[in-house]
Structure formats: C-alpha cells, structure tokens
1. Is it the case that region 89-97 has a residue that's assigned by TED's automatic domain parsing to the domain that holds residue 176, assigned to a strand (DSSP E or B), in contact with a Lys or Arg (Cβ under 8 Å, 6 or more places away or on another chain) and crowded, with 16+ Cβ neighbours inside 10 Å?
2. Residue under question is residue 108, and the condition is that it be aliphatic (A, V, I, L, M), in a strand (DSSP E or B) and either under 19 Å from residue 159 (Cα atoms) or in contact (Cβ under 8 Å) with a residue 40 or more places away in the chain (or both); does it hold?
3. With respect to residue 50, determine if the residue is assigned to a strand (DSSP E or B), surrounded by 17 or more Cβ atoms within 10 Å (Cβ to Cβ) and at pLDDT 95 or above.
4. Looking at 104, 123, 108, 96 in this structure, which one is under 24 Å from residue 47 (Cβ atoms), hydrophobic (A, V, I, L, M, F, W, C) and over 16 Å from the mean Cα position of the chain (by Cα)?
5. Checking the structure you have, find out if any residue of region 62-78 is modelled with pLDDT of 95 or more, under 22 Å from residue 46 (Cβ atoms) and in the same structural domain as residue 175 (by TED's automatic domain parsing).
6. With respect to the numbered conditions (1) loosely packed, with under 15 Cβ neighbours inside 10 Å; (2) part of a loop (DSSP other than H, G, I, E, B); (3) at pLDDT 95 or above, which one is the sole condition not fulfilled by residue 58?
Amino acid sequence: MKRKEIQKGDWLELGKEVKYDNPWIKVTESKVLNPNGGEGIYGVVHFKNLAIGVIPIDEQGNTWIVGQHRFPFDGKFTWEIIEGGGPLEEEPLESAKRELLEEAGIKANSWQLIQEMELSNSATTEKAMIYVAKDLSFFDKQPDETEKLVIKKITFKQLYRMVLTGEIVDSLTVAGVLRLKIMFDNTL
C-alpha cells in the first residue's frame, strides 16, 4: 500500500496518525521530511474552537477583567480579559457577545475586531479573535458550570500597567491590550 505524501510548504508529510481526540482538541503525529530533507515526526494540537477575547470599555475608560485558577498551570490564579471558546461553525462575533454576557453580565451595542492571531503556530492550529466592546449595558452574569470567576472593574490604564509589569501574562490579554493601546492611545 502506497502512503499518501502531502507537500506542506517546505515540509513533506509522509503519513499522519491521530494520537488523541476529545471534544476540544485532537492531537496528530505526522511522519515528515523537514525542509532540509531530514526524517522526523511532527506533533500538532488541532483546536476545535476559536479563542475569543473581549475588552469591554465604558465611557469613562473602565474595563472589566476576570480572575480564575487555571488548571494547566497547576491552578495558578490569573487575571485576563473576557475569554472563551467559540465553535468554529459560529460567527466569532456571536461567540464574543455570549462570552461577555456569561462572564461579566455585559452587553454591548458597539463591537470592533481589533486583533486576529495564531496563538502557537509551531505546534497548534489555535486561532484567536479579540474584540473591543463599547456602549455597554449591564445584566446578571451567566458563567459556565466549570467557571468560578472573580470579576474586577479597573481603568484601562491600570490594565495596561498590569500587562507592562508582567502581572498579566495571558496571551490574548497581552496582545489585545497592547493592540488597543496603540489603536486608541489618544482616547483611553
């Protein structure tokens, strides 16, 4: 039986096998020839959702961040912008609206996509979309059953300082805050 070879840029994939699969991720291992002709393997984590981030901003320049314990980092407590997973078949903006209401109890009338990212393109297919939300109204939070969140209202300037000092290291938060600071430096 002839194996199927697939050219991927400078890489040649000689075969691929699924090593792990659950509702959120699939891990594959490919036998490859690298760009210099060497044989090897390449593992990829395929994400089944988009990473969605939202930075809500009110008229006074305040925002809301979420604190929670993150399992992958041994339960480390982190502060982040509003974040969640968006099903690939759903419009990313709809996912962003849902996450903002679930985590912070906020709805927004004005939305702007400020950043699209590939979060770790050497080992994953995870893509992210980050929005700024304005013209806010407030409702009851509706967190997922797996979430135990602390919500904190701070100024965007405080959030920016937290990123600069390394108090916040979450990639969506860092990228979104720096992008927003550059875009709207004169208004925040």
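1. Our first condition is that a residue be assigned by TED's automatic domain parsing to the domain that holds residue 176; within region 89-97, this holds for 89-97.
Adding the requirement that they be assigned to a strand (DSSP E or B) leaves none.
Looking through region 89-97, none of the residues is assigned by TED's automatic domain parsing to the domain that holds residue 176, assigned to a strand (DSSP E or B), in contact with a Lys or Arg (Cβ under 8 Å, 6 or more places away or on another chain) and crowded, with 16+ Cβ neighbours inside 10 Å.
2. Values: aliphatic (A, V, I, L, M): yes; in a strand (DSSP E or B): yes; either under 19 Å from residue 159 (Cα atoms) or in contact (Cβ under 8 Å) with a residue 40 or more places away in the chain (or both): yes.
Yes.
3. On the way: assigned to a strand (DSSP E or B): yes; surrounded by 17 or more Cβ atoms within 10 Å (Cβ to Cβ): yes; at pLDDT 95 or above: yes.
In short, yes.
4. Numbers: 123 fails: over 16 Å from the mean Cα position of the chain (by Cα); 108 fails: under 24 Å from residue 47 (Cβ atoms); 96 fails: over 16 Å from the mean Cα position of the chain (by Cα).
From the options 104, 123, 108, 96, the qualifying one is 104.
5. Looking through region 62-78, none of the residues is modelled with pLDDT of 95 or more, under 22 Å from residue 46 (Cβ atoms) and in the same structural domain as residue 175 (by TED's automatic domain parsing).
6. Only one criterion is unmet by residue 58, namely (1).
The values are calculated or read from the model by the stated rules, or taken from the named source; none is laboratory data. Keep in mind that this is a model prediction, so the values were computed, not measured. All Cβ positions, glycine included, derive from the backbone under ideal geometry; neighbour counts span all protein chains shown.
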